[in-house]
Amino acid sequence: MRINKIILFCLLLVSINSYGQFYLGARGGYNISSVSFLPTQDEEQVNDLHIDAGFVAKHFDTKYFGFQGELNLTQRGYRAPIVDSVFNKRINTYIELPMFMQIKAEHKGFFVHLNVGFYASVLLESQHGNNQQGEYNLNTYDIHVLRDNRFDYGIPGGVGFGYNFKWGTLQLDARYFYGLGDLYHHDYNGNPMRSPARVLNFSVSYLLNISKLRENRTKIDYIVQPEEDSIENIKQE
């Protein structure tokens, strides 16, 4: 009986002292987006408020280094001038999967981190239109498999900071997405040679430390068990 208690106690100490931390949560953000055309074309950023939201999973094996993955529904696009202040605008909706390596420094609950990674996304739908009548009148864009590229990928990087509260973690991030894929297939007649995305993103995330919840539950189970054993010993005596 005593040997079993000693083994249980040692396993508990190992699980408490190991730093492995796993977080789950949700995020929402804001994009400032454009497309970099080659040959160079006149184009403007899109800075309207569009959809950028999803789920976050983060894991740290050590105190200073970990990984963060996300599954997001996001919108981005560009504006191209027609004449004077009249623009044609295209807005694209993607399912996007960014993956980050994260280097973190922490002090008394506050933390700051650096992100660098890779993203891949799939185009779901698109809208386009112009503001000739004052407001943008957007209609469904007819995606052509030979003209338009549904798959995009690139390199994201940035910085973030946050605070670990008792009830969860709040995290703020600023990132830049450097697209390596193209919005338009370059071998289609009349398309540009390059059309990668350029996106500046700001976001806020709320995360729960799942590992800490498990640790707290394990501690409670361990504290309750010896008390029950001591009662049984008293009854036997």
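The values are calculated or read from the model by the stated rules, or taken from the named source; none is laboratory data. Keep in mind that this is a model prediction, so the values were computed, not measured. With ideal geometry, Cβ positions are generated from the backbone for all residues, glycine too; neighbour counts draw on all protein chains shown.
For the reader, a short list of remarks on this structure follows.
- All of 233, 130 fail the test of being farther than 30 Å from residue 27 by Cα, surrounded by 14 or more Cβ atoms within 10 Å (Cβ to Cβ) and either among the aromatic types (Phe, Trp, Tyr) or at pLDDT below 95 (or both), apart from 130.
- Of the set (1) in contact (Cβ under 8 Å) with a residue 40 or more places away in the chain; (2) polar (S, T, N, Q); (3) within 15 Å of residue 78 (Cα to Cα), all apply to residue 132 but (3).
- Of the strands (runs of 3 or more DSSP E) entirely within the stretch 45-145, those holding at least 1 residues that are in contact with an Asp or Glu (Cβ under 8 Å, 6 or more places away or on another chain) and closer than 18 Å to residue 156 by Cβ occupy 52-60, 65-83, 86-107, 110-130.
- Any pair with Cβ under 8 angstrom, 6 or more apart, that starts in the stretch 174-191 at a residue that is free of Cβ contacts under 8 Å to residues at least 12 places away in the same chain and ends at one that is charged (D, E, K, R): 186/194
- A residue that is modelled with pLDDT under 95, of a type in the set (D, E, K, R) and either in contact with a Gly (Cβ under 8 Å, 6 or more places away or on another chain) or within 27 Å of residue 191 (Cβ to Cβ) (or both) can be found somewhere in the stretch 53-73.
- Which listed residue is under 30 Å from residue 190 (Cβ atoms), under 26 Å from the mean Cα position of the chain (by Cα) and of a type outside the set (S, T, N, Q), from 146, 114, 138, 124: 124
- Some residue of the stretch 68-82 being surrounded by 20 or more Cβ atoms within 10 Å (Cβ to Cβ), hydrophobic (A, V, I, L, M, F, W, C) and within 30 Å of residue 139 (Cβ to Cβ): no
Listed here are the residues, each with its yes/no results for (1) surrounded by fewer than 19 Cβ atoms within 10 Å (Cβ to Cβ); (2) at pLDDT below 95; (3) more than 18 Å from the chain's Cα centre (by Cα); (4) not β-branched (Val, Ile, Thr).
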position: 163; (1), (2), (3), (4): yes, no, no, yes
position: 166; (1), (2), (3), (4): yes, yes, yes, yes
position: 188; (1), (2), (3), (4): yes, no, yes, yes
position: 198; (1), (2), (3), (4): yes, no, no, yes
position: 211; (1), (2), (3), (4): yes, yes, yes, yes
position: 217; (1), (2), (3), (4): yes, yes, yes, yes
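- Considering the stretch 17-33, the residues that are modelled with pLDDT under 95 and of a type in the set (Ser, Thr, Tyr) include one that is farthest from residue 61 (Cα to Cα), namely 18.
- Within the stretch 74-92, restricting attention to residues that are at pLDDT 95 or above and of a type in the set (Ser, Thr, Tyr), the residue that is farthest from the chain's Cα centre (by Cα) is 78.
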